[in-house]
Amino acid sequence: MPPTPDTRPPLSPFQEKLRIYLRAGYPLLYIVTAEEDRAIELIRAMLTDGELSKRKPYVWSVSRGLCDADMRAIDRKVADPKRILPFLLEQADPGVFILEDFHFFLDEKSPTAPLLIRQLRDLVAPFKAARKTLILLSSVLKLPLELEKDLTVMDLDMPNEAELAAVLDDTVEQVKDNPKVEVNLDGSGREKVVKALSGLTRSEAENALAKVVVTRSRLDPEDVGLLLAEKEQIIRKSGMLEFYATPERFGSIGGLDLLKGWLRQRGKAFSESARAFGLPNPHGLLLVGVPGCGKSLSAKAVSAEWQMPLLKFDLGKVFGSLVGQSEENMRRALKMAEAVAPCVLWIDEIEKGLSGTRGQTGDSGTSTRVFGTLLTWMEENEKPVFTIATANDIEGLPPELLRKGRFDDIFFIDLPSPQERANILAIHLTKHHRDYREFDLPAHVATTEGFSGAEIEQAVVSALYRAFAEGEEAKLENRHLTGAIGESVPLSRSMGSRIAFLRQEAGEKWRRASSQGEPTQVKDAVLAEPPPVAKKPKRVFEV
Ligand SMILES: Nc1ncnc2c1ncn2[C@@H]1O[C@H](COP(=O)(O)OP(=O)(O)OP(=O)(O)O)[C@@H](O)[C@H]1O
Ligand SMILES: [Mg+2]
């Protein structure tokens, strides 16, 4: 008889990893996820496969006691957390025992903690011998120190495309007989909808689809915009990541030729042909430099230039109020970024977000662990997420961050050279609808020595105010610019020693963002790129 074809879906990376742990006889696992039901389903599905099918899944919760694979209660008496572990120890069959929300009882404030921690440690050896595994399933990672060595922590990945396609199919199935709902999904339409759902949990995806059905009375690729808006909302609600729309392109940046060159080269490396050529995905970039010289601006421009959505990551918001929540927040944010990939993940002023890791706050243990999660991810992540971090205060940067392998490169952005100041002036005059050729750029370049890009921009804006004060018909003239420049004191003067220290330290250590050759004769300054025309910010993300 021919073998029946195997119609089971292939194992997800989470299932593959778990399978290895189970086969290797790991006695205690901790799975962190907000999607309990999905985790249980994936574990159950995996246990129908080959060798592992001898192991039966059981689920325990304080409300239902111990249940079998079909969620039939086996024993309600053991709903008492003090009784469940000795009960499991006595079970003879190899099994996988999933405990929901057990972390509450392990909390140091809980009177049950000492007993339960001891009972858990007593399980380790017998479970190893009996091919039994205990899985703690929880939405937060809250681990007593005493168990750290015995427990292995795993994350549940966000749903992959196949799972999201199944969610879509379920929704279609539910509405297909409803005459009020029109379903218009061919192969490519389906693919578009599934792509738009990436980055959401299963229930978030279900809700987003339900909302489309309710508001539009149809399911159609035309509704992808609504789904993306919904996703943007959900990601924003997480509080840590924000889709950041920006009109900035490389043309908005004056100077920084070496940095732009590097970025142009790396931008090409996200393609399939680069993979075929044997190139890895670019990882990320750290921009260090003098305040106001274009670090944040460059981060924004990269996303538009590479046509990838820009996700701004607020490290400060990762630190939640609950112990253990910070790590979960960090994992969740990184998983979301992976799910949105290809994208640019922008961590602005990273040193501020990491200040706790150097013992400046009382909570350095948590901060160090959260930071560790970020560092490990930066090195191991294989998805096309390009991390671009910026920093001013190099003393605040932990050395681990600067190690090779974390970022592809570290660039130092210095005060602009005379040529760069000419370009920056021209860019900002153009942004404000003025023709830069009508101004005496060489004279203004000479008087803006030591100015940052931001200060040059400020000078242009205050010159405009000066002109406007003379009457609505007044023309912006050189004298307005000269007056505005003369009035401002650049940071490099007011905070001279700090800026000088930064320029010397960072300038020696890291790659320079601009070639800074001999001061160019500014009179002949040719703008490397035509300055952009200011336009309304448009939505950047299109998955
Ligand atoms: N090289 C530049 N070309 C054009 N504009 C510039 C340049 N550098 C700075 N600017 C202007 O100054 C503004 C502020 O710059 P940006 O936010 O990039 O500075 P930063 O290096 O991130 O400073 P900080 O360290 O204070 O965060 C930019 O939005 C831009 O308008
Ligand atoms: Mg900045």
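The values are calculated or read from the model by the stated rules, or taken from the named source; none is laboratory data. This structure is a prediction, so every number in the text was calculated from the model and none was measured. Reconstructed Cβ throughout: ideal geometry from the backbone, glycine too, with neighbour counts over all protein chains shown.
Among the residues that make up the stretch 55-75, is at least one of them of a type in the set (Lys, Arg) and within 28 Å of Ile20 (Cβ to Cβ)? Outline the logic, then answer.
Step one: filter the stretch 55-75 for residues of a type in the set (Lys, Arg), giving 55-56, 64, 72.
Next cut, within 28 Å of Ile20 (Cβ to Cβ) only: 55-56.
Yes, the stretch 55-75 contains a residue that is of a type in the set (Lys, Arg) and within 28 Å of Ile20 (Cβ to Cβ).
Among the numbered conditions (1) surrounded by 19 or more Cβ atoms within 10 Å (Cβ to Cβ); (2) free of Cβ contacts under 8 Å to residues at least 40 places away in the same chain, tell me where Ala276 comes up short.
(1)
Return the residues of the stretch 59-106 that are surrounded by fewer than 19 Cβ atoms within 10 Å (Cβ to Cβ) and within 17 Å of Glu41 (Cβ to Cβ); say none if nothing qualifies.
Ser61, Arg64, Cys67, Asp68, Ala69, Asp70, Met71, Arg72
Within the stretch 463-495, take every residue that is exposed (fewer than 14 other Cβ atoms within 10 Å of the Cβ) and among the small types (Gly, Ala, Ser) and give me the one that is farthest from Ser452 (Cα to Cα).
So, considering only residues that are exposed (fewer than 14 other Cβ atoms within 10 Å of the Cβ) and among the small types (Gly, Ala, Ser), the one farthest from Ser452 (Cα to Cα) is Gly471.
Could you check, for the stretch 55-67, whether at least one of its residues is in contact (Cβ under 8 Å) with a residue 24 or more places away in the chain, assigned to a strand (DSSP E or B), of a type in the set (Ser, Thr, Tyr) and in the same structural domain as Val96 (by TED's automatic domain parsing)?
yes
I'd like the full set of residues that are in contact with a strand residue (DSSP E or B) (Cβ under 8 Å, 6 or more places away or on another chain), farther than 27 Å from Pro10 by Cα and either of a type outside the set (S, T, N, Q) or not assigned by TED's automatic domain parsing to the domain that holds Glu232 (or both), limited to the stretch 152-203.
Those that are in contact with a strand residue (DSSP E or B) (Cβ under 8 Å, 6 or more places away or on another chain), farther than 27 Å from Pro10 by Cα and either of a type outside the set (S, T, N, Q) or not assigned by TED's automatic domain parsing to the domain that holds Glu232 (or both): Val175, Lys176, Val181, Glu182, Val183.
Mind listing just one residue for me: the one in the stretch 191-218 that is among the polar types (S, T, N, Q) and touching a residue at least 40 places away in the same chain (Cβ under 8 Å) and, of those, surrounded by the most Cβ atoms within 10 Å (Cβ to Cβ)? Show your work before the answer.
Just the residues of the stretch 191-218 that are among the polar types (S, T, N, Q), to begin with: 198, 201, 203, 207, 215, 217.
Filter again for touching a residue at least 40 places away in the same chain (Cβ under 8 Å), leaving 198, 201, 203.
Details: Ser198: 19, Thr201: 21, Ser203: 14.
Here the residue is Thr201.
Would the stretch 454-476 turn up any residue that is within 16 Å of ligand 1 (Cβ to nearest atom), in contact (Cβ under 8 Å) with a residue 24 or more places away in the chain, on the phi < 0 side of the Ramachandran plot and not in a helix (DSSP H, G or I)?
Checked against the condition, which is being within 16 Å of ligand 1 (Cβ to nearest atom), in contact (Cβ under 8 Å) with a residue 24 or more places away in the chain, on the phi < 0 side of the Ramachandran plot and not in a helix (DSSP H, G or I), the stretch 454-476 yields no hits at all.
Among the numbered criteria (1) more than 16 Å from ligand 2 (Cβ to nearest atom); (2) at pLDDT below 85, which single criterion is violated by Gly396?
(1)
How many of the residues in the stretch 385-415 are surrounded by 20 or more Cβ atoms within 10 Å (Cβ to Cβ), assigned to a loop (DSSP other than H, G, I, E, B) and in contact with a Phe, Trp or Tyr (Cβ under 8 Å, 6 or more places away or on another chain)?
Looking only at that region, the number is 1.
Would you be able to say whether some residue in the stretch 312-322 is modelled with pLDDT under 80 and in contact with a Phe, Trp or Tyr (Cβ under 6 Å, 6 or more places away or on another chain)? Let's see the steps before the verdict.
Going residue by residue through the stretch 312-322, those that are modelled with pLDDT under 80 are 319-322.
Then drop every residue that is not in contact with a Phe, Trp or Tyr (Cβ under 6 Å, 6 or more places away or on another chain), which leaves none.
The answer is no; no qualifying residue exists.
Which of the residues that make up the stretch 219-236 are in contact (Cβ under 8 Å) with a residue 40 or more places away in the chain and under 15 Å from Val181 (Cβ atoms)?
Leu219
Quick one: count up the residues across the stretch 139-198 that are of a type in the set (Asp, Glu) and either closer than 27 Å to Leu99 by Cα or in contact with a Cys (Cβ under 7 Å, 6 or more places away or on another chain) (or both).
Residues of the stretch 139-198 that are of a type in the set (Asp, Glu), as a first pass: 146, 148, 150, 155, 157, 161, 163, 169-170, 173, 177, 182, 186, 191.
Then keep just the ones that are either closer than 27 Å to Leu99 by Cα or in contact with a Cys (Cβ under 7 Å, 6 or more places away or on another chain) (or both); that gives 146, 148, 150, 155, 157, 163.
The number of residues fulfilling the criteria is 6.
Of the numbered conditions (1) over 17 Å from the mean Cα position of the chain (by Cα); (2) within 16 Å of ligand 1 (Cβ to nearest atom); (3) not in a loop (DSSP other than H, G, I, E, B), Glu222 fails exactly one; give the number of that condition.
Just one mismatch for Glu222, condition (2).
Going by the structure shown, is Ser188 touching a residue at least 60 places away in the same chain (Cβ under 8 Å), in a helix (DSSP H, G or I) and among the hydroxyl-bearing types (Ser, Thr, Tyr)?
Numbers: touching a residue at least 60 places away in the same chain (Cβ under 8 Å): no; in a helix (DSSP H, G or I): yes; among the hydroxyl-bearing types (Ser, Thr, Tyr): yes.
Taking the combined requirement at face value, the residue does not satisfy it.
Being of a type outside the set (Ser, Thr, Tyr) and modelled with pLDDT under 85 is the filter here, so list the residues in the stretch 196-220 that pass it. Step through it out loud before you land on a result.
Initially, the stretch 196-220 is screened for residues of a type outside the set (Ser, Thr, Tyr), giving 196-197, 199-200, 202, 204-214, 216, 218-220.
Passing the criteria: Ala196, Gly199, Leu200.
Go through the stretch 22-50 and give me each residue that's among the β-branched types (Val, Ile, Thr) and touching a Ser or Thr at 6+ places or on another chain (Cβ under 8 Å). Break it down stepwise before answering.
So the first thing to find is which residues in the stretch 22-50 are among the β-branched types (Val, Ile, Thr), and the list is 31-33, 40, 43, 48.
Selection gives Ile31, Val32, Thr33.
Could you check, for the stretch 264-274, whether at least one of its residues is more than 18 Å from the chain's Cα centre (by Cα), of a type in the set (Ser, Thr, Tyr), modelled with pLDDT of 90 or more and not assigned by TED's automatic domain parsing to the domain that holds Ala39? Quick ask: steps written out before the conclusion?
Of the stretch 264-274, the ones more than 18 Å from the chain's Cα centre (by Cα) are 264-269, 271-274.
If we keep only those that are of a type in the set (Ser, Thr, Tyr) as well, we get 271, 273.
With the extra rule that they be modelled with pLDDT of 90 or more, the set shrinks to none.
Within the stretch 264-274, none of the residues are more than 18 Å from the chain's Cα centre (by Cα), of a type in the set (Ser, Thr, Tyr), modelled with pLDDT of 90 or more and not assigned by TED's automatic domain parsing to the domain that holds Ala39.
Read through the list (1) surrounded by 19 or more Cβ atoms within 10 Å (Cβ to Cβ); (2) touching a Phe, Trp or Tyr at 6+ places or on another chain (Cβ under 8 Å); (3) assigned to a loop (DSSP other than H, G, I, E, B), then give the number of the only condition that Tyr26 fails.
Of the numbered conditions (1) surrounded by 19 or more Cβ atoms within 10 Å (Cβ to Cβ); (2) touching a Phe, Trp or Tyr at 6+ places or on another chain (Cβ under 8 Å); (3) assigned to a loop (DSSP other than H, G, I, E, B), the odd one out for Tyr26 is (2).
Look at the stretch 273-303 and say how many of its residues are away from ligand 1 (no atom under 16 Å from the Cβ) and in contact with a Ser or Thr (Cβ under 6 Å, 6 or more places away or on another chain). So that I can check it myself, show each step before the final result.
Of the residues in the stretch 273-303, the ones away from ligand 1 (no atom under 16 Å from the Cβ) are 273-284.
Imposing the further condition that a residue be in contact with a Ser or Thr (Cβ under 6 Å, 6 or more places away or on another chain) reduces the set to 284.
Looking only at that region, the number is 1.
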